[in-house]
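Worksheet: one structure, shown below.
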Amino acid sequence: MILPGMILAGGRSRRMGRDKALVLLAGRPLLDHVLERVWPQLGQLALNVNGATADYARYGLPVVPDSLDGRPGPLAGVLAAMDWAAGLGAERVFTISADTPFLPGDFVPQLLMASEKCAGPVLAASPDETGALRPHPTCGYWPVALRDPLRAALLAGQRRMWGWAEAQGAELVAFPAPGGDPFLNVNTPEDLERARALLPG
């Protein structure tokens, strides 16, 4: 069974003001933290990057840009992942956001298990302050067969990840958050400070 995964690092990082995947956390780029957590869980990895791809050459991973112009958002990264995985002969592909340094160690096994009972996308979720589940659609497991419908949806102007995924029969997989959200997105300098506060020691 092929287990491919693509790390989504193709956004504009407007709120961070610089490429957030390469912002340092504990002396290492955010992307390094993500790779450290996800590499043992997956067989093949690639990076969805737009723009300055030379900055990622040192990782030695395939770099796959969006196939649609204008950087239409993370759904375009999911489409890039689906297209790449189709070329490998895979039926599904994992996506992981490059700004989630606390990704759970059982992320892949939990989504794999859930996919056995769900033909649609399987997406990570965590409880918010009220206990309600909050979807994290950039961290998911997607059927490659959805790539043509996704391409059509993007060309028609679809940008909302959860809205589109839910329409495809998506299921959520809840991950506990006893010490902080394991899917904390480091989008801003303030988020980076929050992440630093969550580091051990």
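Side notes on the structure shown:
- Ala145 sits among other residues whose Cβ lies under 10 Å from its own Cβ, and their net charge, with Lys and Arg +1 and Asp and Glu -1, is 0.
- Nearest-20 debye value, the stretch 73-136 charge dipole, Cβ charges on Lys, Arg, Asp, Glu: 120
- Placed amide H near Leu184: partners under 5 Å, 5+ positions off or other chain: Phe102
- Phi-derived couplings, Karplus 6.51 cos²θ - 1.76 cosθ + 1.60 at θ = phi - 60°, listed residue by residue for the stretch 77-92: x, 5, 4, 4, 5, 4, 5, 4, 5, 4, x, 8, x, 7, 8, 9 Hz, with x used for Gly and Pro.
- Near the amide H of Val64, within less than 5 Å, lie the amide hydrogens of Leu47, Asn48, Val49, all on another chain or at least 5 residues away, with H placed in the peptide plane.
- The largest accessible area among Lys117, Lys20 belongs to the first residue in Lys117, Lys20, and the rest follow in falling order (1.4 Å probe, all chains).
- Computed from backbone phi with θ = phi - 60° and the Karplus coefficients 6.51, -1.76 and 1.60, the 3J(HN,Hα) list for the stretch 126-141 is 9, x, 8, 4, 8, x, 6, 6, 10, x, 10, x, 6, 10, x, 10 Hz; x is used for glycine and proline.
- Farthest towards the positive end of the charge dipole of the stretch 20-76, among the residues Val38, Thr53, Pro74, is the Cα of Val38, using unit charges on the Cβ of Lys, Arg, Asp and Glu.
- Order of exposure, largest accessible area first, which applies to Ile96, Ile2 with probe 1.4 Å: Ile2, Ile96
- Recomputing Cα extents along the principal axes in Å from the coordinates shown identifies the correct label among (1) 45, 40, 33; (2) 73, 35, 31; (3) 88, 34, 26 as (1).
- Backbone HN-Hα couplings from phi across the stretch 161-173 [Karplus 6.51/-1.76/1.60, Hz, Gly and Pro as x]: 4, 5, x, 5, 4, 4, 5, 9, x, 5, 10, 9, 10
The values are calculated or read from the model by the stated rules, or taken from the named source; none is laboratory data. In this text, all values refer to a predicted model and were calculated from it rather than measured experimentally. Using ideal geometry, Cβ is built from the backbone for each residue, glycine included, and neighbour counts are taken over all protein chains shown. Surface accessibility is based on the protein's heavy atoms, side chains included, excluding ligands, DNA and RNA. Shrake-Rupley method; radii C 1.70, N 1.55, O 1.52, S 1.80 Å.
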